[in-house]
Amino acid sequence: MAELTALESLIEMGFPRGRAEKALALTGNQGIEAAMDWLMEHEDDPDVDEPLETPLGHILGREPTSSEQGGLEGSGSAAGEGKPALSEEERQEQTKRMLELVAQKQREREEREEREALERERQRRRQGQELSAARQRLQEDEMRRAAEERRREKAEEQRVREKIERDKAERAKKYGGSVGSQPPPVAPEPGPVPSSPSQEPPTKREYDQCRIQVRLPDGTSLTQTFRAREQLAAVRLYVELHRGEELGGGQDPVQLLSGFPRRAFSEADMERPLQELGLVPSAVLIVAKKCPS
């Protein structure tokens with residue numbers, strides 16, 4: 001049984017002659033399967049039906065063989081010239097095989113697209129899980145900071161109470177009275193007169209915490225306590241996770257501004273500690289929508 005050429009088979013399967021010739025030329029006449037793969041991958045290209053301008057002798061960086069030249073020259077002449085004609089039954093059988101090959105290629109393409117879609121869905125779910133984990137870590141940090149603040153407040157209250165009790169006990173022991181009795185007034189001892197007010201400069205207090213109030217564009221505000229050495233990026237992340245739906249639902253980027261003096265914080269400022277930016281012990285920030293670059 002005579003076999004159809006690759007070009008004749010592609011035309012028999014319904015591909016336009018110009019597109020079939022282009023597919024065979026661009027695949028180096030490596031066979032009908034390679035040409036079909038190219039046709040299926042490029043069927044949606046806007047220039048798929050444009051004629052091939054590259055000289056055929058330089059396709060894939062090599063000169064065409066004599067068999068390829070004969071096949072390409074034969075594509076311009078009448079199909080089947082010099083070859084025995086196929087019977088109708090043979091032509092139908094060969095066309096059936098080609099259609100089965102096309103169907104197989106289509107199934108492979110659909111399976112590949114399905115795998116790619118599943119991979120995109122897995123990536124989307126993984127990103128969602130990472131965002132949820134970041135939110136959970138932030139909530140845990142907030143709860144831990146609140147618990148530490150309560151412990152510090154209780155410890156400070158206990159220290160003050162103990163100091164008061166010690167003072168009462170010392171006064172009672174010194175003056176021989178009860179704990180609740182008041183000691184007689186004691187005249188202050190004269191001390192040296194300071195030579196100048198600048199003799200003992202005031203001690204600058206160090207703060208380890210910073211209370212930040214953030215005003216949102218809708219008029220509401222958020223208040224949170226941060227460590228003085230935390231970066232400004234922690235404040236921005238807190239705002240992006242707690243702002244309302246009307247501000248973008250945590251998807252649009254925001255920009256932080258200081259009210260007085262007026263200042264817009266840059267991306268470089270996000271890496272600087274709150275203490276270095278002059279936001280300790282407390283500050284008021286304004287949130288504005290940031291135009292995406």
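Figures for the structure shown
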{"item": "Total residues in region 1-51, condition of a type in the set (Ser, Thr, Tyr) and surrounded by fewer than 20 Cβ atoms within 10 Å (Cβ to Cβ)", "result": "1"}
{"item": "Filter pass, ARG135 being open to solvent by 80 Å² or more (accessible area, probe 1.4 Å), in contact (Cβ under 8 Å) with a residue 12 or more places away in the chain, under 27 Å from the mean Cα position of the chain (by Cα) and outside the structural domain of THR223 (by the TED database)", "result": "yes"}
{"item": "Some residue of region 38-52 being in contact with a His (Cβ under 6 Å, 6 or more places away or on another chain) and either within 28 Å of GLN106 (Cα to Cα) or at pLDDT 80 or above (or both)", "result": "yes"}
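The values are calculated or read from the model by the stated rules, or taken from the named source; none is laboratory data. Because the structure is a prediction, the values reported are computed rather than measured. A quick note on method: Cβ atoms are made from the backbone with ideal geometry, for glycine too, and the neighbour counts reach across all protein chains shown. Just the protein is used for accessible areas: all its heavy atoms, side chains included, with ligands, DNA and RNA removed. Shrake-Rupley method; radii C 1.70, N 1.55, O 1.52, S 1.80 Å.
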